[in-house]
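J.: Please read through the structure below; I'll follow up with questions.
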Amino acid sequence: MHAVIGVWSMDESRHEEQMRTLHGRIVPEVSALPGLAAAYWAHDPETGKYHTTVVFADESSAAGFKQYLEGQSQAAAQAGVTADTLALAEVVATTAPEGEQQS
């Protein structure tokens, strides 16, 4: 498995609009991506940063998603979103609560 991991800065004055876009467009689009294993969006209130981890079953799906995100940087900036960090990483371990199956 491979993951695309991002740290994002977002214009807090556009929070409502960005959350509508996240839940109404981004989450459904990511959910339909080939090879998707899991995706997480998180906010750190101490830093104001947003963190994403999107895990794929294979490296080529992850690499394609990262390339797509990089191509969207101008559109994201117009929406008040900037990628501080965007990395493609190999998943080297996973876990879940006992009794839950891992894929």
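The values are calculated or read from the model by the stated rules, or taken from the named source; none is laboratory data. This one's a predicted model, so the numbers in the text were calculated from it and none came from an experiment. With ideal geometry, Cβ positions are generated from the backbone for all residues, glycine too; neighbour counts draw on all protein chains shown. Just the protein is used for accessible areas: all its heavy atoms, side chains included, with ligands, DNA and RNA removed. Shrake-Rupley method; radii C 1.70, N 1.55, O 1.52, S 1.80 Å.
J.: Name the residues in region 23-41 that are in a strand (DSSP E or B) and either over 17 Å from T82 (Cβ atoms) or among the β-branched types (V, I, T) (or both), would you?
T.: Pass one, region 23-41, residues in a strand (DSSP E or B): 36-41.
Hits for region 23-41 are L36, A37, A38, A39, Y40.
J.: Here is a follow-up. Give region 44-90 a look and list any residue that's open to solvent by 60 Å² or more (accessible area, probe 1.4 Å) and part of a loop (DSSP other than H, G, I, E, B), or say none.
T.: Listed by number, the residues that qualify are P45, E46, T47, A57, Q72.
J.: Would it be correct to say that R20 is open to solvent by 80 Å² or more (accessible area, probe 1.4 Å), basic (K, R) and in a helix (DSSP H, G or I)?
T.: The answer is yes for R20.
J.: So, of the residues in region 74-94 that are of a type in the set (S, T, Y) and touching a strand residue (DSSP E or B) at 6+ places or on another chain (Cβ under 7 Å), which turns out to be farthest from I5 (Cα to Cα)? Explain how you work it out, then say what you get.
T.: First, the residues of region 74-94 that are of a type in the set (S, T, Y): 82, 85, 94.
Among the residues that remain, those that are also touching a strand residue (DSSP E or B) at 6+ places or on another chain (Cβ under 7 Å) are: 82, 85.
On the way: T82: 14, T85: 8 Å.
By that ranking, first place goes to T82.
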